[in-house]
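K.L.:
Handing you this structure, nothing more for now.
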Amino acid sequence: MRLVAEENGMFIATTIIDEVTGISVYRSPSVDDKKLYLYFDPVDTLPLEGQKLWEDQSLHQDLIDNAVKNSGYQSLEPVI
């Protein structure tokens, strides 16, 4: 898991990236301080371990829930 913080004048974002699952969880208080945004890398760009996780559709919601939990922003509303 990797944390990235960016600021470019008008846009501020904090991103938590899980490089195995390809789920990035980010927030941008300058856009909406009550929302949490998710981005999903294409499955075919993930390591084999991550690709195998996404093959099992019954795990999808758990992967998303764990990414949100691990971000520390559980109190924010996720936008997918």
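The values are calculated or read from the model by the stated rules, or taken from the named source; none is laboratory data. All values reported here derive from a predicted model rather than from experimental measurement. Here the Cβ is made from the backbone with ideal geometry for all residues, glycine too, and neighbour counts use every protein chain on show. Just the protein is used for accessible areas: all its heavy atoms, side chains included, with ligands, DNA and RNA removed. Shrake-Rupley method; radii C 1.70, N 1.55, O 1.52, S 1.80 Å.
K.L.:
Enter the accessible area per residue of the stretch 9-74 (Å², integer; probe 1.4 Å; all protein chains in place). The partial results should precede the final answer.
P.N.:
Working: 3990 Å² over 66 residues.
Solvent-accessible surface per residue comes out at 61 Å².
K.L.:
Could I ask something else about it? Aspartates and glutamates near K35 by alpha-carbon distance under 16 Å, same-chain residues fewer than 8 away left out - which ones?
P.N.:
Hits, sequence-local ones excluded: D65, E77.
K.L.:
Out of the stretch 15-80, which trypsin sites (Lys or Arg not before Pro) are coil in DSSP terms and have no more than 10 other C-beta atoms within 10 Å?
P.N.:
On the way: sites: R27, K34, K35, K52, K69; in loops: K34.
Of the trypsin sites (Lys or Arg not before Pro), the ones in loops of the stretch 15-80 whose Cβ has at most 10 other Cβ atoms within 10 Å are K34.
K.L.:
Please list the non-local residues whose amide H lies under 5 Å from the amide H of L36, H modeled 1.01 Å from N, same-chain partners needing a gap of 5 or more.
P.N.:
HN-HN under 5 Å from L36: E77, V79.
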